[in-house]
1. I need a count of the residues in the stretch 278-309 that are surrounded by fewer than 14 Cβ atoms within 10 Å (Cβ to Cβ) and within 18 Å of residue 128 (Cβ to Cβ).
2. Of everything in the stretch 251-269, what is within 16 Å of residue 216 (Cα to Cα) and either part of a loop (DSSP other than H, G, I, E, B) or open to solvent by less than 10 Å² (accessible area, probe 1.4 Å) (or both)? Give them in sequence order.
3. Restricting the search to the stretch 165-174, which residues are open to solvent by 10 Å² or more (accessible area, probe 1.4 Å) and touching a residue at least 24 places away in the same chain (Cβ under 8 Å)?
4. Within the stretch 111-145, how many residues are assigned to a loop (DSSP other than H, G, I, E, B) and either among the acidic types (Asp, Glu) or open to solvent by 20 Å² or more (accessible area, probe 1.4 Å) (or both)?
5. Out of (1) in a loop (DSSP other than H, G, I, E, B); (2) on the phi < 0 side of the Ramachandran plot, the odd one out for residue 226 is which?
6. Is it the case that residue 311 is out of contact with any His (no Cβ under 9 Å at 6 or more places or on another chain) and more than 18 Å from residue 190 (Cβ to Cβ)?
7. Inside the stretch 92-110, can you point out the residues that are buried (at least 24 other Cβ atoms within 10 Å of the Cβ) and of a type outside the set (Val, Ile, Thr)?
Amino acid sequence: MKKTTKYALIASGAALCTATAAVVGFKMALEGILHEALDRNEPPIVRKTRERMMNSAVAPETLELAERQAETLREGAPELAEIDSFDGTHLVGHIHRAEHPKRIIVAMHGWRSSWTRDFGVISPFFWENDSTVLYAEQRGQGESEGAFMGFGMVERHDCVAWANYAVEHISSELPIYLVGVSMGASTVLMASGDEKLPANVHGIIADCGFTSANEIWRHVSTDNLHLAYEGLVEKGATAFCRKGLEMEPDAYSTLDAMAVCKTPVLFIHGKADNFVPCSMSEQNYEACAAPKRILLVDGADHGLSYIVDKDAYEAAVLDFWKTYDA
């Protein structure tokens, strides 16, 4: 993959931001402050490190392009959506209505990211293919309430609430697809295990999701930081979950949901993903009890599959819609 292409992918997909925040967060965990790294208030060290890496790695014109893409999406989805989730947390979303909609997409962004950042690049594809999109702001991020992010274990309930909102406020007849990137991918996959998911959810598209919160933390610790997960890091993660989320790190996983999933799933993952290993989507695919497909993209790092191989990505999604819209 050309260097300039990768820079564009990083800027538009925010993969570098996500991976940087993750790595720094886990370093902070080793200092006993995982709680601060994972609450909604981004620690200054995460923000400064991300900004320094972005400014040194990405050409100014590419950053400007990414900002324009995000702004175009923001301006193109002026309709505000609001719900109170299962625990009373007030959540915010944004709706872009197609003129002649064929389907509804409920889009869930990733950890320490945003709806404009994660979907700015692919949003024209959604619009050009007659999709009304509800872009959710994940709890603990953006304009949504919530003190903590739950790595999909909590957000899965929010996703179900948004799907029900789409049925009530957009259309009860159109097929609904749950689409997520990174933590958002694990969120939509975990949501498939909920019995309250509306019947007109016809499919799930999960781009670079992990198998469980516990396993992604283990991977970042051992493979990215070269530190044993067992011990201080694991204790920090467990303490955070118990205090902030009132649950254990293994309380629910993507694999748990896949074992009972009845909704067709399209898994997508970049083979060069250095944050969430491609093998995790392969494990999710193998565990999925529902009709399933998988697209693995050569040379794509975390969250970058769409632009690395746009043609293959769009072809896979279009064929998925063609099969399950009806």
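The values are calculated or read from the model by the stated rules, or taken from the named source; none is laboratory data. All figures in this text were calculated on a predicted structure; none of them were measured in a lab. Note that we place each Cβ from the backbone using ideal geometry, even for glycine, and neighbour counts take in every protein chain shown. Ligands, DNA and RNA are stripped out before the accessible areas are found, and what is left, the full protein with its side chains, is counted by its heavy atoms. Shrake-Rupley method; radii C 1.70, N 1.55, O 1.52, S 1.80 Å.
1. Selection size over the stretch 278-309: 0.
2. 251, 252, 253, 254, 269
3. Scanning the stretch 165-174 gives 165, 167, 169, 170, 171, 172, 173, 174.
4. Total meeting the criteria: 9.
5. Among (1) in a loop (DSSP other than H, G, I, E, B); (2) on the phi < 0 side of the Ramachandran plot, residue 226 violates only (2).
6. Taking the combined requirement at face value, the residue satisfies it.
7. 93, 107, 108, 109, 110
Let's see how each residue does on (1) of a type outside the set (Asp, Glu); (2) at pLDDT below 90; (3) within 22 Å of residue 110 (Cα to Cα):
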site	(1), (2), (3)
240	yes, yes, yes
248	no, yes, yes
251	yes, yes, yes
255	yes, no, yes
259	yes, no, no
263	yes, no, yes
266	yes, no, yes
275	yes, yes, yes
279	yes, no, yes
